[in-house]
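Colleague: Take a look at the following structure, please.
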Amino acid sequence: MAKVIAVAGESGTGKTTSLLSIHNGEGKFNSSNMLYINADKKDMPFKGYKKVWNKESKNYLVTSNIQRIKDFLLAHSSNPTNYAAVIDTCNAIMLDWEMGQSKSATFNQWYDLAKDIYELIQFCNTELKDDYIVVMMFHIALYTDTDGNERKCIVTNGRKLEKIKLESTFTTVLFTDVEYDTDGNNEYHFITQSKRSTGKSPLGMFENVRIKNDLNEVLEHVAEYYEIEIKPKTTN
């Protein structure tokens, strides 16, 4: 089964920006060996990104349609030189569905939304090749735990998804974390274990609870942990 991880955080806290080193081709993962699915349908925060991520390169898709996402993943993940994909964000998938059905949504339609999102996660888990990594990005909400403490969690649309608790379908859930500086020199990180959140990761995957906000480094840790060999790009 593929390795599916969640990256969650508020808007502007470094989810998409964590792809910078991937965009720049600075590590093992780059635009030639992975996919970017733009479910938010907005520009990436990198100058000249369309020269790197585009339909011609077959590494880029703009859609929030679940079936199109599944087809894209299935078609390209079978490529032996394609190792990972990012879906940014899953909340856009839920929101677009909700806005399209807002005037006529019934209980059964809300159930279908829960079922479709859950099945997308399970599709990635079970239908893609074993040495493939899928990053699913989410926005967050706050909830109060049984001890009365406020914690961060993945935000979902519809009560069925709240009952499913999407975090339970992932082995790795990373949360963005920002240390704000009065001079504007903010530091961006990922949290790898529970710290007032539902964050978690497998034992020994990451050395620290707070790590650099760099999705390439995260993917390299995941690949190393599961013994996935990332072959360097060859040139003709």
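Colleague: Output the residues belonging to segment 45-69 that are out of contact with any Asp or Glu (no Cβ under 9 Å at 6 or more places or on another chain), in contact (Cβ under 8 Å) with a residue 24 or more places away in the chain and of a type in the set (Gly, Ala, Ser).
Modeller: Within segment 45-69, Ser57 is the sole residue that qualifies.
Colleague: Turning to a different aspect of this structure: How many residues does segment 200-230 contain that are without any contact (Cβ under 8 Å) to a residue 60 or more places away in the chain and not polar (S, T, N, Q)?
Modeller: Residues flagged as without any contact (Cβ under 8 Å) to a residue 60 or more places away in the chain and not polar (S, T, N, Q) within segment 200-230 amount to 15.
Colleague: Quickly run through segment 1-29 and pick out the residues that are among the small types (Gly, Ala, Ser), without any contact (Cβ under 8 Å) to a residue 60 or more places away in the chain and farther than 15 Å from Asn82 by Cα. Don't jump to the end; show me each part of the working.
Modeller: Filtering segment 1-29 down to residues among the small types (Gly, Ala, Ser) leaves 2, 6, 8-9, 11-12, 14, 18, 21, 25, 27.
Those still in the list that are without any contact (Cβ under 8 Å) to a residue 60 or more places away in the chain too: 12, 25.
Gly12 - this is the single residue of segment 1-29 that is among the small types (Gly, Ala, Ser), without any contact (Cβ under 8 Å) to a residue 60 or more places away in the chain and farther than 15 Å from Asn82 by Cα.
Colleague: Just to be sure I understand the filter: pairs with C-beta atoms under 6 Å, separated by 6 or more residues or on different chains, first member in segment 70-93 and crowded, with 19+ Cβ neighbours inside 10 Å, second member of a type in the set (S, T, N, Q) and in a loop (DSSP other than H, G, I, E, B). Which pairs pass?
Modeller: Asn82/Asn33; Tyr83/Asn33; Ala92/Ser64; Ile93/Ser64
Colleague: Same structure again: If I filter segment 129-153 down to residues being under 29 Å from Ala2 (Cα atoms) and β-branched (Val, Ile, Thr), which single residue comes out as surrounded by the fewest Cβ atoms within 10 Å (Cβ to Cβ)?
Modeller: Among those that are under 29 Å from Ala2 (Cα atoms) and β-branched (Val, Ile, Thr), it is Ile140.
Every number in this text was worked out from the coordinates using simple rules, so none of it is lab data. For clarity, every value in this text was computed on a predicted model and none was experimentally measured. Cβ coordinates were reconstructed from backbone atoms using ideal geometry, including for glycine residues, and neighbour counts include every protein chain displayed.
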